[in-house]
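Engineer: Take a look at this one; I'll ask things after.
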Amino acid sequence: NVDEQESRHLALSQLQHHVQDFRHWEWDEAVTREMEEFKRLPALYRLALNELQNKIEAIKTEWQMRDGYSPIEHVKSRIKEPKSILRKMERKGCEFSLSRMEDVIHDIAGMRIVCAFVKDIYRIADHLGSREDLRVLEIKDYIARPKPNGYQSLHLIVAVPLILLEGTRWVKAEIQLRTLAMDFWASMEHILYYKYDKQLPAHVADELREAARAADELDQKMLRLRREILELAAAESE
Ligand code: GTP
Ligand code: MG
């Protein structure tokens with residue numbers, strides 16, 4: 001149905017236009033309820049991400065006080081661009097609608113927590129799983145089972161409760177937990193791979209996998225060194 005398709009296209013382009021800069025809302029009469037709701041989303045996801053950041057900040061402070069060091073090296077957050085949301089839905093073969101979007105795209109709010117040691121990642125994940133002010137919906141362990149290209153990280157899909165005037169609303173976010181070495185590899189791979197959407201030549205892919213293994217070995221080595229230093233410190237204090 002051409003008419004239907006055309007009006008959908010129109011709606012989509014209006015949507016894209018408006019959400020790209022939601023400070024300038026100049027709605028035509030034909031604005032749908034769905035679009036009104038879409039306008040609120042960046043603000044809602046921003047609030048959810050703030051909530052999450054506060055929780056992580058509290059964990060950092062408390063663990064620092066208890067253990068003398070924080071397992072969290074640094075944290076980065078971002079809200080997914082409307083353009084990337086639409087592109088991702090297209091890639092997944094989804095018709096655009098708000099409910100589909102909330103079902104299909106888990107990383108509109110995204111947080112990356114970079115840790116010193118692999119063990120810290122699982123300690124943080126366990127802790128997050130035990131909190132009452134958070135729901136862990138899904139865990140993808142690319143550390144236990146790295147991706148074929150060598151990518152390693154622990155991904156959590158969580159839901160964060162937002163207390164709004166209308167009541168509590170659970171908003172999804174993706175948390176990626178990595179060590180410094182995993183983050184180095186993933187950042188480099190992203191830079192190298194960026195704008196190259198074809199299959200990599202076999203030897204390049206092999207060397208990337210090899211680099212991922214090297215990052216893994218570095219993590220293991222640091223863990224061994226830490227253990228050794230802790231033992232030395234314990235022996236000295238006896
Ligand atoms: P997509 O976001 O479409 O990949 O959804 P998915 O369900 O496959 O999620 P997945 O857990 O595989 O990846 C989510 C996010 O993890 C991505 O958006 C990236 O930020 C990161 N990621 C996953 N795989 C790779 C990878 O091979 N290299 C790098 N650098 N990052 C990756
Ligand atoms: Mg993926």
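Computed from the coordinates by the stated procedures, all read-outs in this text should not be read as laboratory data. Since the model is a prediction, treat every value here as computed from it, not as a measurement. Methodologically, a virtual Cβ is constructed for each residue, glycine included, from the backbone with ideal geometry; neighbour enumeration extends over all protein chains shown.
Engineer: Since residue 179 meets every condition but one in (1) surrounded by fewer than 16 Cβ atoms within 10 Å (Cβ to Cβ); (2) more than 10 Å from ligand 1 (Cβ to nearest atom), which condition does it not meet?
Structural biologist: Among (1) surrounded by fewer than 16 Cβ atoms within 10 Å (Cβ to Cβ); (2) more than 10 Å from ligand 1 (Cβ to nearest atom), the lone unmet condition for residue 179 is (1).
Engineer: If you don't mind, another one. Please identify the pairs in which a residue from segment 78-102 that is within 15 Å of ligand 1 (Cβ to nearest atom) has its Cβ atom under 8 Å from the Cβ atom of a residue that is among the aromatic types (Phe, Trp, Tyr), counting only partners at least 6 apart or on another chain.
Structural biologist: Cβ pairs passing all conditions: 79/45; 86/96; 89/96.
Engineer: Next question, about the same structure. Being in a strand (DSSP E or B) and surrounded by fewer than 16 Cβ atoms within 10 Å (Cβ to Cβ), is that true of even one residue in segment 212-224? Steps first, answer last, please.
Structural biologist: If we filter segment 212-224 for residues that are in a strand (DSSP E or B), which is where we start, we get none.
Taking every residue of segment 212-224 in turn, none turns out to be in a strand (DSSP E or B) and surrounded by fewer than 16 Cβ atoms within 10 Å (Cβ to Cβ).
Engineer: Of all residues in segment 116-135, which are more than 16 Å from ligand 1 (Cβ to nearest atom) and within 11 Å of residue 71 (Cβ to Cβ)?
Structural biologist: From segment 116-135, those more than 16 Å from ligand 1 (Cβ to nearest atom) are 116-120, 122-124, 126-135; that's our starting set.
Hits for segment 116-135 are 116, 117, 118, 119, 120, 122, 123, 124, 127.
Engineer: Residue 214 - would you say it is small (Gly, Ala, Ser) and away from ligand 1 (no atom under 15 Å from the Cβ)? Before you say what the answer is, go through the steps one by one.
Structural biologist: Details: small (Gly, Ala, Ser): yes; away from ligand 1 (no atom under 15 Å from the Cβ): yes.
Answer is yes for this residue.
Engineer: Check every one of the strands (runs of 3 or more DSSP E) wholly within segment 55-156 and list those with 1 or more residues that are crowded, with 17+ Cβ neighbours inside 10 Å.
Structural biologist: Working: elements: 72-79, 109-115, 135-141.
By residue number, 72-79, 109-115.
Engineer: Taking interchain pairs and intrachain pairs at least six residues apart, which have beta carbon atoms under 7 angstrom, with the first residue in segment 139-152 and within 20 Å of residue 124 (Cα to Cα) and more than 9 Å from ligand 1 (Cβ to nearest atom) and the second of a type outside the set (A, V, I, L, M, F, W, C) and assigned to a strand (DSSP E or B)?
Structural biologist: Every condition considered, no pair remains.
Engineer: Run residue 187 past the list (1) touching a strand residue (DSSP E or B) at 6+ places or on another chain (Cβ under 6 Å); (2) hydroxyl-bearing (Ser, Thr, Tyr); (3) over 16 Å from residue 125 (Cα atoms) and report the number of the one that doesn't hold.
Structural biologist: Status for residue 187: all satisfied but (1).
Engineer: Another question, if that's okay. Within segment 165-184, how many residues are in contact (Cβ under 8 Å) with a residue 12 or more places away in the chain, of a type outside the set (Phe, Trp, Tyr) and part of a strand (DSSP E or B)? Spell out how you get there, then give the answer.
Structural biologist: Within segment 165-184, the first condition is being in contact (Cβ under 8 Å) with a residue 12 or more places away in the chain, and the residues that meet it are 169-184.
Filter once more, keeping what is of a type outside the set (Phe, Trp, Tyr): 169, 171-183.
Next, only the ones that are part of a strand (DSSP E or B) stay: 169, 171-179.
Adding up the residues that qualify gives 10.
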